[in-house]
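Undergrad: To start, I am sharing the structure in question, which I have written as structure tokens.
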Amino acid sequence: MKIAILSRNPKLYSTKRLVEAATDQGHEVKVLDVLRCYMNITAHNPRVHYRGEVLENFDAVIPRIGASVTFYGTAVLRQFEMMNVFPLNESVAITRSRDKLRSVQLLARKGVGLPITGFAHNPDDIEDLITSVGGAPLVIKLLEGTQGIGVVLAETHKAAESVIQAFMGLNANIMVQEFIKEAGGSDIRCLVIGDIVVAAMKRQAAEGEFRSNLHRGGQASIVRLTPEERTTAVRAAKIMGLNVCGVDLLRSNHGPVVMEVNSSPGLQGIEAASKKDIASLIIQFIEKKFKSLEHKSDRSRTRGKG
């Protein structure tokens, strides 16, 4: 197979591991800086160009699109889909998962466990917004934030009011969520491929920190999932329409709750914690999926519903 990887930096651990795994399994791989791709959008012969070259004959594309370039990155991915290239994750599914509010609404519609979440626009509604999620302490999240950036724990009612007012004053889109105290500053990252959780790790926040992201100094360790946690992670991935993703769960008193579904999960932490070759499992999934779609007229459709 000829595989394209959309990644801004070929030196990133996840990108390098995917290149190694694909090469080891006999595939031709090309890493493309998604911002250097440009498109010729026509009905009969859609094309993607890269540094003056026309990209042709790719069988599959692996999107490793950062949150800051979601709009352009998914546009490029849609172009590959128009060219009947199999996407590991569809553009529509990535866009869906990157919208924190939309993803929470979709998960809630299907009955997936979530922290109580509030969303408002007018400062006059702050008091009721805080009450609706159970009061302080509560978590305030920028909808555009990633890797724990733009996430604030407001420990008192007054602090919550002040932070929400400040964000609203900057015209920032935020959502407010119940604080799951019993999680103890830890969460669980489940790596889902297809319909299976292939690996999981517990991430524990650093002392004095409530965000467990590894980029924020969190520590990763192996964890044993309950059947309910496995089912919740797979359901969340399916609802988002993602073939490969990281589902972040918290252990609450009323069962697992989903914090986020990440369409481009990093591989370094999960491979180190689980001792599993996740990159090779992803390539094997692509091989199997591509083979099943090889004779279909539209290989670009995977799990998304538009």
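Undergrad: Skipping prolines and chain starts, which residues have an amide H placed within reach, meaning under 5 Å, of the one on S252, given they are 5 or more residues away or on another chain?
TA: V257
Undergrad: Which FRET efficiency value, to the nearest 0.05, do you get for E127 and K275 by plugging their Cβ-Cβ distance into 1/(1 + (r/R0)^6) with R0 = 51 Å?
TA: 0.55
Undergrad: Further, regarding this structure: Would you please name the trypsin sites (Lys or Arg not before Pro) within region 31-85 that are DSSP coil residues with at most 12 other C-beta atoms within 10 Å of their C-beta? Please report the intermediate quantities before stating the final value.
TA: Details: sites: R36, R47, R51, R64, R78; in loops: R51, R64.
Passing both the DSSP loop test and the Cβ count: R51.
Undergrad: Quick one: what Rg and Dmax do you get for region 2-89 from the alpha carbons, in Å?
TA: For region 2-89, the Cα radius of gyration and maximum Cα-Cα distance read 12.4, 38 Å.
Undergrad: Now for a separate question. Can you give the helix-only mean residue ellipticity at 222 nm for the chain, where every DSSP H stretch with n ≥ 4 adds -39500 (n - 2.57) and the sum goes over all residues, rounded to the nearest 500 deg cm²/dmol?
TA: Calculated from helices alone, the mean residue ellipticity at 222 nm is -10000 deg cm²/dmol.
Undergrad: Under a plain spin-label model, where a point goes 7 Å from the Cα along Cα-to-Cβ, how far apart in nm are T23 and N253?
TA: My value for the distance between the label points is 5.3 nm.
Undergrad: Would you pull out the residues with amide H under 5 Å of L6's amide H, same chain only if 5 or more places away, H placed 1.01 Å from N?
TA: Here the answer is L32, I62, R64, since their amide H atoms fall under 5 Å of that of L6.
Undergrad: So what are the three principal axis dimensions of region 117-179 from its Cα atoms, in whole Å, longest to shortest?
TA: 27, 22, 18
Undergrad: For the chain, what is the relative contact order in percent, using Cα pairs closer than 8 Å and at least 6 residues apart in sequence?
TA: Numbers: 601 pairs, mean separation 55.3, N = 306.
Relative contact order here is 18 percent.
Undergrad: For L143, project a label point 7 Å along Cα to C-beta. Then give me every residue of region 59-87 with its amide nitrogen under 18 Å of that point.
TA: 67-72
Undergrad: What is the spread of the Cα atoms of the chain along each of their three principal axes, largest first, in whole Å?
TA: 58, 41, 34
Undergrad: Work out the charge dipole of region 2-89 with +1 on the Cβ of Lys and Arg and -1 on the Cβ of Asp and Glu about the Cα centre, then indicate which of A43, V29, F71 is farthest towards its positive end.
TA: It is F71, whose Cα lies furthest towards the positive end.
Undergrad: Here's a follow-up. Within the chain, what's the longest stretch lacking GluC sites (Glu not before Pro) that sit in DSSP loops with no more than 10 other Cβ atoms inside 10 Å?
TA: Longest gap between qualifying sites, sites excluded: 57-206.
Undergrad: Right, something else. Give the residue list of trypsin sites (Lys or Arg not before Pro) in region 84-155 that are DSSP loop and have at most 13 other beta-carbon atoms within 10 angstrom.
TA: Sparse-neighbourhood loop trypsin sites (Lys or Arg not before Pro): K110.
Undergrad: Run the simple label-point estimate for R102 and I222 please: 7 Å along Cα→C-beta, distance reported in nm.
TA: Inter-label distance under the simple model: 3.9 nm.
Undergrad: Now, a different point. Which whole-number percent is the relative contact order of region 13-64 (Cα, under 8 Å, 6+ apart)? Write down the numbers at each step before the final one.
TA: Working: 31 pairs, mean separation 10.6, N = 52.
Relative contact order for region 13-64 comes out at 20 percent.
FYI, it's all coordinate maths here, none of it is from the lab. Remember, it's a predicted structure, so these values are computed and weren't measured experimentally. Note: ideal-geometry Cβ built from the backbone for every residue, glycine included; neighbour counts use all protein chains shown.
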